[in-house]
1. From (1) polar (S, T, N, Q); (2) open to solvent by 10 Å² or more (accessible area, probe 1.4 Å); (3) assigned to a loop (DSSP other than H, G, I, E, B), pick out the condition that doesn't hold for Thr95.
2. Can you work out which of the residues in region 209-226 that are touching a residue at least 40 places away in the same chain (Cβ under 8 Å) and over 15 Å from the mean Cα position of the chain (by Cα) is nearest to Gly161 (Cα to Cα)?
3. Testing Leu208 on (1) in contact with a helix residue (DSSP H, G or I) (Cβ under 6 Å, 6 or more places away or on another chain); (2) at pLDDT below 95, one condition comes back false. Which one is that?
4. Does Asp130 satisfy being at pLDDT 95 or above, out of contact with any strand residue (DSSP E or B) (no Cβ under 9 Å at 6 or more places or on another chain) and either away from the ligand (no atom under 16 Å from the Cβ) or of a type in the set (A, V, I, L, M) (or both)?
5. Find the residue count for region 110-132, including only residues that are in a strand (DSSP E or B) and in contact with a Ser or Thr (Cβ under 7 Å, 6 or more places away or on another chain).
6. I want to confirm something. Restricting to region 239-265 and keeping residues that are of a type in the set (Lys, Arg) and in contact (Cβ under 8 Å) with a residue 24 or more places away in the chain, which single residue is surrounded by the fewest Cβ atoms within 10 Å (Cβ to Cβ)?
7. Does any residue in region 71-98 that is under 22 Å from Thr141 (Cα atoms) and within 16 Å of the ligand (Cβ to nearest atom) come within less than 7 Å, Cβ to Cβ, of a residue that is assigned to a helix (DSSP H, G or I) and of a type in the set (Asp, Glu) six or more places away or on a different chain, and which pairs are these?
Amino acid sequence: MKNALKLIFLLAFILFFSLSSSITAQQQEPPPVKAAQVKGNIYEVTGGRGANAGFFIGEKEVLVIDAKMTEESAKQMISEIKKLTSSPIKYVILTHSDGDHVNGLVGFPQDVIIVSHHQTAKDMDDAFKDPNLRSYLPNLTFSKKLKLYSGDKTIKLFHFGPAHTSGDVVVYFPDEKVAFIGDLLFLGRDPLIHRHKNGNSFGLVNTLKSILKLDADIFIHGHGDIASPSDLEGVIKSLEEKQEKIKSLIEEGKSLEEIKKVFNVEDRPPSPDRPRRPGLVETIYLELTEKK
Ligand SMILES: [Zn+2]
């Protein structure tokens with residue numbers, strides 16, 4: 001009897017572990033890379049590893065926006081493009097330097113023109129150690145504005161100052177009123193400001209206001225569903241309210257710890273495998289108290 005009981009426990013144990021390992025395997029497998037038409041010849045790419053990306057099919061060439069995070073996902077994106085056109089990919093425009101937007105570059109042909117803000121090129125130059133990755137550093141950079149032409153289409157690239165990073169690029173298609181805005185927008189969670197890349201929350205407000213002046217009504221971004229102007233307005237409003245509140249708390253003489261308590265912010269426990277990055281409240285506090 002005792003042995004039978006032991007056997008049942010053993011079987012239950014094996015069943016539990018095989019189930020839990022298959023659940024983990026499912027969680028690790030990303031959804032397939034998919035391209036969906038947004039408007040005209042503009043497509044959004046979701047799934048795979050890394051942030052949402054996109055592409056535009058021009059008369060003679062394809063222009064890609066962001067490169068996914070792995071060679072495999074980039075190649076899957078390229079095969080989605082090949083289903084729609086036989087034209088070659090001429091440009092890959094990078095919205096910023098984060099790995100989930102740029103590390104898939106290794107899956108692209110070597111002859112693509114890689115376009116970015118000059119600061120993004122510098123961040124990638126610092127981050128890319130692998131020689132293969134290093135052969136994909138941006139080779140067309142700009143500071144404020146750049147126009148690209150594809151047939152009779154003009155594609156406008158803008159940098160409106162430091163925001164999510166210090167090298168964010170907005171890719172604007174005036175005819176379609178569509179803009180790719182990378183990680184300048186997060187919906188349903190706090191804006192993400194990379195202080196280690198000189199991002200800035202006040203700069204983000206300025207950038208979002210500049211984007212709203214572009215006469216676009218469809219915004220494609222890195223980590224969520226397509227957004228509308230009212231989504232951007234909502235983020236601007238809540239970010240400005242937070243900045244105002246933190247400013248007045250600082251004026252009342254409150255410490256960072258006290259201000260974090262007001263916003264119910266708790267730091268994640270420190271971990272040796274990832275650097276400590278300040279959250280939004282701390283970022284705004286630091287921006288308001290340092291310098292000058
Ligand atoms: Zn990012």
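The values are calculated or read from the model by the stated rules, or taken from the named source; none is laboratory data. Because the structure is predicted, anything quoted here is derived from the model rather than measured. Glycine gets a Cβ as well: all are built from the backbone with ideal geometry, and neighbour counts include every protein chain shown. Quick note on the areas: whole protein, heavy atoms, side chains included, nothing else; ligands and nucleic acids left out. Shrake-Rupley method; radii C 1.70, N 1.55, O 1.52, S 1.80 Å.
1. So Thr95 meets the others, but not (2).
2. Selected residue: Ser210.
3. (2)
4. Working: at pLDDT 95 or above: no; out of contact with any strand residue (DSSP E or B) (no Cβ under 9 Å at 6 or more places or on another chain): yes; either away from the ligand (no atom under 16 Å from the Cβ) or of a type in the set (A, V, I, L, M) (or both): yes.
Criteria not met by Asp130.
5. Applying the first criterion (in a strand (DSSP E or B)) to region 110-132 yields 113-117.
With the extra rule that they be in contact with a Ser or Thr (Cβ under 7 Å, 6 or more places away or on another chain), the set shrinks to 116-117.
Total satisfying the criteria: 2.
6. Narrowing region 239-265 to residues of a type in the set (Lys, Arg): 242, 245, 247, 254, 260-261.
Adding the requirement that they be in contact (Cβ under 8 Å) with a residue 24 or more places away in the chain leaves 242, 247.
On the way: Lys242: 17, Lys247: 15.
Among them, the one singled out is Lys247.
7. Note: pairs meeting the criteria are Ser97/Asp123.
Results for (1) in contact with a helix residue (DSSP H, G or I) (Cβ under 6 Å, 6 or more places away or on another chain); (2) open to solvent by 50 Å² or more (accessible area, probe 1.4 Å), shown as yes or no for each residue.
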{"position": "Gln119", "(1), (2)": "no, no"}
{"position": "Asp125", "(1), (2)": "no, yes"}
{"position": "Phe128", "(1), (2)": "yes, no"}
{"position": "Lys144", "(1), (2)": "no, yes"}
{"position": "Leu148", "(1), (2)": "no, no"}
{"position": "Asp152", "(1), (2)": "no, yes"}
{"position": "Lys156", "(1), (2)": "no, yes"}
{"position": "Pro162", "(1), (2)": "yes, yes"}
{"position": "Thr165", "(1), (2)": "yes, no"}
